[in-house]
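Here the structure is laid out as structure tokens; the discussion comes afterwards.
What follows draws every value from the coordinates through simple rules; no lab data is involved. The shown structure was predicted, so the numbers you read here are calculated from the model rather than taken from an experiment. Cβ sites come from the backbone with ideal geometry, for glycine too, and all protein chains shown count toward neighbours.
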Amino acid sequence: MRSTGALQVETEILVPFFDVDSMDVVWHGHYVKYLEVARCALLDHIGHNYTQMRDSGYAWPVIDLQLRYVHSAVFGQRLKVRADLVEWENRLKIHYLITCATTGTRLTRASSVQVAVEIATREMQLASPRVFTDAVEKALS
């Protein structure tokens, strides 16, 4: 099990019908959407969400995404999706854990990496912008 991050949030998702295949199993690509819901909740918790990122002059594209599927989620299942902030000074790295909300069974483990890109120049930044790191430091205190 990975260690928890400096900050973490947990969200719940009820698997909708349109996310499953004919076997009532969640299609593998929809897990990325569940990660995004948790990532947005984490950024809101930090106080620097995607709108604030854009308004500060930076885009944060995902440059790496890793998923490990352990058990399938199914139609109507209530999921807990936890997002842990593990790196923020040079890049934004988040670890995720998707579990069954009822049993606690681990379903999926994942991580994402994003980097800051200055919107005006489209140049990748080698360090996270101060406006973002300040928001993280404030959330940590």
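Out of the residues in the range 89-100 that are more than 14 Å from Tyr34 (Cα to Cα) and touching a strand residue (DSSP E or B) at 6+ places or on another chain (Cβ under 9 Å), which is surrounded by the most Cβ atoms within 10 Å (Cβ to Cβ)?
Filtering first and then ranking leaves Leu92.
Residues of the range 40-57 being under 15 Å from Val81 (Cβ atoms), touching a residue at least 12 places away in the same chain (Cβ under 8 Å) and in contact with a helix residue (DSSP H, G or I) (Cβ under 9 Å, 6 or more places away or on another chain), which ones?
Selection gives His45 alone.
Any residue in the range 83-92 that is more than 13 Å from the chain's Cα centre (by Cα) and part of a strand (DSSP E or B)?
No.
From the list Ala139, Ala110, pick out the single residue that is farther than 30 Å from Asp19 by Cβ, outside any loop (DSSP other than H, G, I, E, B) and in contact with a helix residue (DSSP H, G or I) (Cβ under 8 Å, 6 or more places away or on another chain).
Only one candidate passes the filter, namely Ala139.
Testing Ala83 on (1) crowded, with 18+ Cβ neighbours inside 10 Å; (2) farther than 17 Å from Lys33 by Cβ, one condition comes back false. Which one is that?
It fails just one condition, (2).
Looking at the range 71-111, which of its residues are of a type in the set (D, E, K, R) and touching a Cys at 6+ places or on another chain (Cβ under 8 Å)?
Residues satisfying the conditions are Arg78, Lys80.
Which of the residues belonging to the range 15-46 are under 21 Å from Val70 (Cβ atoms) and charged (D, E, K, R)?
Asp19, Asp21, Asp24, Lys33, Glu36, Arg39
Would you call Trp60 of a type outside the set (Val, Ile, Thr), touching a helix residue (DSSP H, G or I) at 6+ places or on another chain (Cβ under 7 Å) and buried (at least 18 other Cβ atoms within 10 Å of the Cβ)?
Taking the combined requirement at face value, the residue satisfies it.
Going through the range 1-27 one residue at a time, which ones are surrounded by 12 or more Cβ atoms within 10 Å (Cβ to Cβ) and under 16 Å from the mean Cα position of the chain (by Cα)?
Thr4, Gly5, Ala6, Leu7, Gln8, Val9, Glu10, Thr11, Ile13
Within the range 8-50, take every residue that is assigned to a strand (DSSP E or B) and hydrophobic (A, V, I, L, M, F, W, C) and give me the one that is farthest from Ala101 (Cα to Cα).
Going through the qualifying residues, I end up with Val20.
Going by the conditions given, is Leu14 hydrophobic (A, V, I, L, M, F, W, C), more than 18 Å from Thr108 (Cα to Cα) and touching a strand residue (DSSP E or B) at 6+ places or on another chain (Cβ under 6 Å)?
So Leu14 does not fit the description; no.
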